[in-house]
Structures are given as C-alpha cells and as structure tokens.
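Structure first, then comments.
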Amino acid sequence: MSGEGYAMYREIWEGPRAYRETIESLGSLAPIAEEVLASHKALLTCSCGSSHHAGLALCYAASRLSGFASYAVQASEYPVYAHHHLGREHLLAALSQSGETSDTIRAVRMARQRGVKVMAVTGRVESSLARLADYVLATRGGVERAVPATKSFISQLAACYAFASAMSLASGGVDLFPELQRQPGLFEEALAASEGFAKERARQFSQIRSVFLLGYGPSFIAALEASLKLKETCGIHAEAYSVWEFRHGPISLLDSEKACIMILPPSPSEAAEAFEKVYATARGVGATVLTVSHSPTDTFGPDILVLPRAREEFATAVEVAPFQLLSYYTALEKSLDPDRPRLLTKVVQ
Ligand code: F1P
C-alpha cells in the first residue's frame, strides 16, 4: 500500500512547516489582543467544517487563558441565531482557509452591517473574506490541493493558539510564546508516532462502518475534526462527542460492529471516570476500542497510541495527527481517492 503520489499525504507532512511558519510570520499579536480586550466584551467565531473546529480551539484557548468570553457558531447558523444578539461589543472571528466559503462570507457581511468588527483567519490574503476584515491573521503553508483540510487546519490552529497566547499576556496572564514555539515540533513527533499505527490500522478501519470518537475539552475538538476526516476521506460514519455527553444517549448504539476511539486529554483527571465507564461498557458489548493518550497507561487495555505530551490548550493539533494519517491510509485501503472525496468541493458555495 503506497500513495505518496497523493496531495493529501504530502500536505499532512507539510503540516509542521505550516505550523512553524504561521507562528513565525504572525509575530507579535499584542497590539490586536490589547485592542480587543479594551474595546470588546466577547469573541464569536464563525466558520464551516474544519475551520469551525479551529474556531472552537480558539474559543477554548482564549477563554481558558485570558478569561475572555469566547463562543463558536457554525457560519450557516449565524443568521438564525448569533446575528440577533451581536453588537459592537463583539469581535467576530471568521476562519476560512479559502476565504471564499459562501456561508462564512454571508455571516461576515451581515455582521458588518451592524458595525461589528471582523478578524479574518485565512490562508488567502487577497480573498473576499480578507477584504471584508478589520484584522487579518494570515496562515501559511501554501496551496492545499486535497479537498480534506490537513495542513490548512494545522496552520489555522497555529494562528488561533498565537492569538490566544497574545490574549493571555495582554490580560496579565502567563507568557506562552516559548511554549507555543515548541508546538510544531510536537506535532511533527505526533505524526512520526502515528505513521506506523495508521498504516497498520487501515485494513481494520476499512471494514468498520461506524465510529464514535470521544474527547474532553481540546481533545473533544480533536474528536470533531477526526470524525470529519474519517467521513470526508474514507466514507466512514463517524460521530464525535464529549465523553460525558456520550453517556446521555448515544452510548445505546455501541455494539460489536462499532468502534469507539477515546482521545484522552494530557491531564484527563476531570474526565477520567467517564472514559473508564465508557471503556468498560464498550468492552462489555464487544466494540472495538482504541485509545489515544499523551502518556502511557494500563487502564484502557493494550490498544493504545501514545503521543507527545502537549500543553492542554494546544493539545488538539497533536491529537489530530493520527487521524489525518489514519483517514488517508484507510481511503487507500478502500480504493478511494483521498484528494477528492465524493460529493465534496474544496470551496463550498
Ligand atoms: C470549509 C470546508 C473545509 C472542508 C471542505 C469544504 O472551507 O468545510 O473545512 O474540508 O474543504 O470546506 P474553508 O471555509 O475553510 O475554506
């Protein structure tokens, strides 16, 4: 099984460079962070697909590191929900690798009519989105040819983590810049740790029709992004839940034909009990269980992939690494073209 000729594979491995270059080229975001803290009360992110997941990562990191109220809405829902309460005290952060996704552009236009300031996070500085924005955080990494977002998602996370770090410092919190600079290296290590795992598991996953991915905090965001990759790239029905929420209904669907992937956060303490309960239930009904963790553990059986330990707020990037590769190799195993998922286009208009 080879496939290095596919763009998706090259772009996954271009992720560490995209991560590093985005952080370096953004430089200090202190002036924007200070202005946002001085003139706004809340941050709302508004995006689609993988970009929505990067928006969630921004919200989790910014609210946790700076205490700034931060919420994420899917751009398609913006007109029927967030628009009704958005005002000048909000900053709208619109994320889009293409800068042309019509749901996102529509939401931004509506918000601007109300005088709301807009921050764009995009890889295309000449795009419609960038032209509409008051601030632009440009992501790096070059053109992405495969439809499933990989390096563009990682570069969006880089920009989000950089901005959340600037918000932390501007609000009197810790200086996370040295920590931030370590992250691209950790992501690269995570890819290296995942390559063999993904290749070995691809055959097994090509037979699986339904997967639940469970996380908590930033690892829940990794679960959301991993489930999108599995759906788009290799046609597996995949659903992501916060591990506590999974116990409120969806757990009823577990059986021996389903797989359950648990993505443990770097410090799972608050959610450890929920992960253990779900693990026991899943094993009890014969479901395939796989665990991804930042440190070795015996609690979840032998099927475990250990990733480098990342800081909690920045952990999504490291945790998503195995699933970019697993989706890719499973697509090859199923004779699918990972670069061109069925019924999907790079820019949804
Ligand atoms: C959003 C998006 C991608 C997805 C696919 C379709 O694009 O949903 O996340 O992988 O390419 O579009 P964008 O707004 O970030 O350009």
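Per-structure values
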| quantity | calculated |
| --- | --- |
| Lone qualifier among 27, 99, 67 - being more than 17 Å from the chain's Cα centre (by Cα), at positive phi and buried (at least 23 other Cβ atoms within 10 Å of the Cβ) | 99 |
| Residue in the stretch 283-305 that is within 16 Å of the ligand (Cβ to nearest atom), among the hydroxyl-bearing types (Ser, Thr, Tyr) and in a loop (DSSP other than H, G, I, E, B) present | no |
| Extreme residue, nearest to the ligand (Cβ to nearest atom), among residues of the stretch 102-119 that are buried (at least 20 other Cβ atoms within 10 Å of the Cβ) and more than 23 Å from residue 155 (Cα to Cα) | 111 |
| Enumeration of residues in the stretch 124-143 that are surrounded by 24 or more Cβ atoms within 10 Å (Cβ to Cβ) and out of contact with any strand residue (DSSP E or B) (no Cβ under 7 Å at 6 or more places or on another chain) | 141 |
| Single match in 105, 12, 32 (criterion: at pLDDT 95 or above, farther than 23 Å from residue 314 by Cβ and not hydroxyl-bearing (Ser, Thr, Tyr)) | 105 |
| Of all residues making up the stretch 307-323, the number that are part of a helix (DSSP H, G or I) and more than 13 Å from the chain's Cα centre (by Cα) | 1 |
| Test: residue in the stretch 61-72 that is in contact with a strand residue (DSSP E or B) (Cβ under 8 Å, 6 or more places away or on another chain) and either in a helix (DSSP H, G or I) or closer than 30 Å to residue 199 by Cα (or both) | yes |
| Verdict on residue 58 being aliphatic (A, V, I, L, M) and part of a strand (DSSP E or B) | no |
| Checklist (1) under 14 Å from the mean Cα position of the chain (by Cα); (2) modelled with pLDDT under 95 applied to residue 302, failing item | (1) |
| From the options 172, 142, residue that is farther than 17 Å from residue 348 by Cα, away from the ligand (no atom under 11 Å from the Cβ), modelled with pLDDT under 95 and not polar (S, T, N, Q) | 142 |
| Which listed residue is more than 14 Å from the ligand (Cβ to nearest atom) and of a type in the set (Gly, Ala, Ser), from 57, 82 | 82 |
| Extreme residue, farthest from residue 52 (Cα to Cα), among residues of the stretch 235-246 that are modelled with pLDDT of 95 or more and within 15 Å of the ligand (Cβ to nearest atom) | 238 |
| Matching residues, the stretch 271-310, being buried (at least 20 other Cβ atoms within 10 Å of the Cβ), among the small types (Gly, Ala, Ser) and farther than 18 Å from residue 221 by Cβ | 282, 287 |
| Residue 134, sole failed condition from (1) closer than 22 Å to residue 30 by Cα; (2) under 22 Å from the mean Cα position of the chain (by Cα) | (2) |
| Matching residues in the stretch 334-349 - criterion: being more than 7 Å from the ligand (Cβ to nearest atom) and among the hydrophobic types (A, V, I, L, M, F, W, C) | 336, 343 |
| Within the stretch 76-138, strands (runs of 3 or more DSSP E) holding 1 or more residues that are in contact with a helix residue (DSSP H, G or I) (Cβ under 8 Å, 6 or more places away or on another chain) and without any contact (Cβ under 8 Å) to a residue 24 or more places away in the chain | 135-138 |
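The values are calculated or read from the model by the stated rules, or taken from the named source; none is laboratory data. None of the values given here were measured: they were computed from a predicted structure. All Cβ positions, even for glycine, are placed from backbone atoms using ideal geometry, and neighbour counts span all protein chains on display.
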